[in-house]
Structures are given as C-alpha cells and as structure tokens.
1. Can you tell me which residue among 99, 26, 87, 81 is within 30 Å of residue 140 (Cβ to Cβ) and without any contact (Cβ under 8 Å) to a residue 40 or more places away in the chain?
2. Out of the residues in the stretch 170-210 that are of a type in the set (Lys, Arg) and buried (at least 17 other Cβ atoms within 10 Å of the Cβ), state the one that is nearest to residue 46 (Cα to Cα).
3. List the pairs whose first member sits in the stretch 257-271 and is touching a residue at least 60 places away in the same chain (Cβ under 8 Å), whose second member is of a type in the set (D, E, K, R) and not in a helix (DSSP H, G or I), and whose Cβ atoms are under 9 Å apart, counting only residues at least 6 apart or on separate chains?
4. Among 49, 43, which is surrounded by 22 or more Cβ atoms within 10 Å (Cβ to Cβ) and within 18 Å of residue 178 (Cα to Cα)?
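We did not get these values from a lab; they are worked out from the coordinates using the rules stated. This structure is a prediction, so every number in the text was calculated from the model and none was measured. Every residue, glycine among them, receives a Cβ derived from its backbone with ideal geometry; neighbour counts consider all protein chains shown.
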Amino acid sequence: MSSAHSPSQRTGLLAALGAYCLWGGSGLFFRSLAALPPDEIISHRILWSVLAMLPFMLRGNRPAQVLEILRTPRRLVVFTSSAVMVSVNWLIFVYAINSHQALYGSLGYYVFPLVTLALGAVFLKERFSRQQGLAVLLVCAGVGVMIAGLGKLPWITLSLALTFGIYGLIRKMAPADSLTGLFVETLLLTPFAIGWLLWKESLGAGFFSGLLLPGADWHLLALLAIGCPLWTALPLYLFGVGARTLRLSTLGLMQYMSPTVQLAVAVLVFREPFTTAHAITFGLIWAGVVVYSLPLLRRKTPGTETA
C-alpha cells in the first residue's frame, strides 16, 4: 500500500482484514459453545443477533427499507429463500466445527467462489473464459481426490459451498446492503428460532432450563448473548466499511483469507489430521484459486488500485 493512499482507504483495508479474520476465526467461538447442539446454537445465534441489530435498524431510513422488503411479495419470497439458505449454511458449519471436521468446512469456502461461477453460468447464462473453466476443473479434481481418499462424498465441503453459492445467487434477485439484508433474514427466522427453543425447553432439554439448576453455566449465556451478535453482525459491518473504499478485485482476492484462517485453526489449534490426500486436494484447489484469480490481478494497473 503506497503512502499516497488516503486514511479512508487504509481504514477500509484494515476493516476488510478484520472482517475476513473474524469470519476465518469464527470456529474458535463456535467451538466454545460445543456444550450445546448445533440446532440450539443456531437458534440462539438468530435470536440474539436480531435483538442486537434492532437498535441500529431503527436509525435513518432503515425501517422504511425493511418495511419495503416485507411489503413486497417478490422480495419477501427472495429474502425468505435466502434466510433458509444462510441458516442451513450456519448449521452445517457449526456441525463441522463441533464434530471435529473444521478442515472440510474451510475447504467448502475455498470451493464456494468457483461454485458461484458455475451457478452463474447455469442460471444467469453468464459466460466464463477457458481460464475460469480450467479453475473449475482443478477444483473438481481436488474434490475427486478427496472422495477417493475418504471413500465417500465430502458432504460438508460440498454442502457449505452450494448453500452459500445459492444464497449469493438468490440475494442477487433482491439486493440490499449487508446489514439490512441480514436483519431481514434473521427477523424472518426469529419465530422459528423461538419456537424451536421453546420446544426444547418443553422437553426439559433446553439451555434456559439448565440455568435454574445449581452450578448453572452463566458464562455460556454471556457467550451466546454477546458473542453471537459480534461474530454475526460485526464482520458484515467491517466488510461494508471496506467495500465502500476498496476495489472489488481487492475484496475478491482477500476473501480467500477467511478459509485460510479456518484451515490454520483446524490444523494448528484443533489438531485435526492433515493427510497426504488433504495436501493434494488443497494443492489442486489452491491451483484453481490462482488460475481463477489471475484475471483479477491483471486488471490492476498502476495508480488505479486502492489497496
């Protein structure tokens, strides 16, 4: 980054770095909630996140934006669909983290951008170059190596990539800024989250019932109430700050920081095994990422890059 860059551009770069590092390190937070099953973690994530975002959504013209989405049938259907996709993605990710399969979760987010490329070609009739086609083939080869090594389909990897890819495809149909979109999605999911938590409480298996017992884990309650909104909304806010000042090509290349941090956490912190099959798989996928990213790098010309 040259000294000619303005303070706002430096702030944008630091904000984007913060967002991708938080997304990449989110496995550390969700592992700390491993005492709860994934379905309950996601229900709490939805509930506490919508409560934390509510004060911010009451400012400016955001209430009008939310009401406009809720009153427009087409947009409401789109955001309901995106809410389902993001909640399924969250559930699979938390399951991967707390079932000691974080490595496959990180792989899913490496694959996701190229899945998006394929979805755009199929559903939006977007054309991609031979170079991009080669990138997709390299990723497919990497997944093939993993299937051969595991002896089964890496469903966590493929499910995360597909659900997040489909989520992005759906959101293109009714765009909104990140925070407003996330609020509407969590708002639509909140009745189901509350219903699920109440059902768990009725069975005597819910988290809140346990708080009435001696030796209750109030520390876990604090993690849920404070940590869920922070790990859900804060990265989106920081990403929004970065997106306002950085080139899309810069953001596109930086997005690979998140799965890279996830990979480091899985191997170095969670001590998940990294086998020869994993090494070959990641090697092929990283090769695909490089091939896919080269056009972005070539578009950068001196004096035009902002980060």
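1. The match here is 99.
2. Within the stretch 170-210, the match that is nearest to residue 46 (Cα to Cα) is 200.
3. Final answer for the pair search is 266/272.
4. 49
Let's see how each residue does on (1) touching a helix residue (DSSP H, G or I) at 6+ places or on another chain (Cβ under 6 Å); (2) over 30 Å from residue 76 (Cα atoms); (3) not aromatic (Phe, Trp, Tyr):
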residue	(1), (2), (3)
124	no, no, yes
129	no, yes, yes
156	yes, no, yes
170	yes, no, yes
177	no, no, yes
188	yes, no, yes
